[in-house]
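To start, the structure under review is shown below, and the notes come after it.
Just so it is clear, none of the values below were taken in a lab; they were calculated from the coordinates. Source: prediction; values computed, not measured. Backbone-built Cβ (ideal geometry, glycine too); neighbour counts: all protein chains shown.
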Amino acid sequence: MANSTIVTGGFVRIEQTPASISDRIFAVLIDYGVCFCYAVGVVQLFTKLNLSVHSFVEFLLWVSPVLFYPLYMEVFNGGRTLGKMVMKTRVVMADGSTPSLGAYLLRWLLIIPDGPMICYLGVLFVAITKRNQRIGDLAAGTMVVKEGKYKNYRVNLDEYDYLTKDYKPTYPQAD
């Protein structure tokens, strides 16, 4: 799997590891499970309370959480759905920045060609693109990356024991 390297304006190199195809599939399966549980709960609630849907608007009201789930979750959880949280992945722009609402919306709109409606074309794109991007990611300029293990990064303050109040850095190259 190829890393995506970004060099910032301050010449800091940031390496992003694209999420693997298996990480993405498991995340989607978890998200489908969440939506399925919601749908079963709504049907049981309607059955238990002897409710019925009288209009298309009422139908959309009850179905919209499933339809808009990926969009809601990614927008309000920093690029993560519940499945992505479990798999420790997130959506970012290809340059490493936070996606805009428009980028999230474009990704969401292109779930249709990526998903089961067109034989999971997105899986093919994830398998053949360098950054493991589906069609929605390519169009929106986003990618799904593995979150870093930041807990493993530690700074040992003993490395800076030479610093005292009267310490003045010297730059021999500037002489």
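Couple of notes before you dig in:
- Segment F46-L124, length gained on full extension (0.36 nm per residue, minus Cα span): 24.2 nm
- Estimated from the Cβ-Cβ distance and a Förster radius of 45 angstrom, the FRET efficiency linking D166 and F36 is about 0.10.
- In loop segments of region 50-108 as defined by DSSP, the chymotrypsin sites (Phe, Trp or Tyr not before Pro) with at most 16 further C-beta atoms inside 10 Å of their C-beta are F68.
- According to the Kirkwood relation over distinct C-alpha pairs, the hydrodynamic radius of region 8-128 is 16.4 Å.
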